[in-house]
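Each reported figure results from applying straightforward, stated rules to the coordinates on display, with no laboratory input. No experiment lies behind these values; they were computed from the predicted model shown. As a convention, Cβ positions derive from the backbone with ideal geometry for all residues, glycine included, and neighbour counts pool all protein chains shown.
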Amino acid sequence: MKERINLINLYDTYKNLLTKKQQEYFEYYYFEDNSLSEIADNLGVSKTIVGKTINGIETKLLEYETKLGMYKLINGIKSLIDTCEYNDLKKDLENILKGV
């Protein structure tokens, strides 16, 4: 379950680096809880293709985080916002996040 949540968080961070087709597969599987067979039927491809595609997407998301570290950075900034006592600094940090 923890790995699933982690992958969804990584997807939210890096989805724009994936193709539209990859986004579609991921969302069917993780957000709509479709089985590999259901996705295969919906998209007119084999279950094997769906499984390989999902695994490839998961690998890419983990690699993106390893190389770029944006999810960790964003969470660090959010943590600073939550603990910051200076409103001006909070606003500056929130503006940084809007640009990410």
Practice prompt. State which entries of K67/K91; K2/K91; K15/K90; K15/K78; K20/K72; K15/K98 exceed 22 angstrom in Cα-Cα distance in the structure shown.
Written response: K67/K91; K2/K91; K15/K90; K20/K72
Worksheet item: Just how far, in whole angstrom, is segment 12-42 from segment 62-84 if you go by their alpha carbon centroids?
Response: 24
Item to complete: May I ask for the angle, rounded to the nearest 10°, between helix 2-14 and the longest principal axis of the chain, with both axes built from Cα atoms and the value confined to 0 to 90°?
Response: 70
Worksheet, complete the sentence: In debye to the nearest 20, the charge dipole size for the chain, taken about the Cα centre with +1 at each Lys and Arg Cβ and -1 at each Asp and Glu Cβ, equals 300
Discussion item. If I fit a long axis through the Cα atoms of helix 70-83 and take the longest principal axis of the Cα atoms of the chain, what angle between them do I get, 0 to 90°, rounded to 10?
Written reply: 40
Worksheet item: Hey, what does the equivalent ellipsoid look like for segment 1-68, semi-axes from the Cα gyration tensor as sqrt of 5 times each eigenvalue, largest first, whole Å?
Response: 21, 12, 10
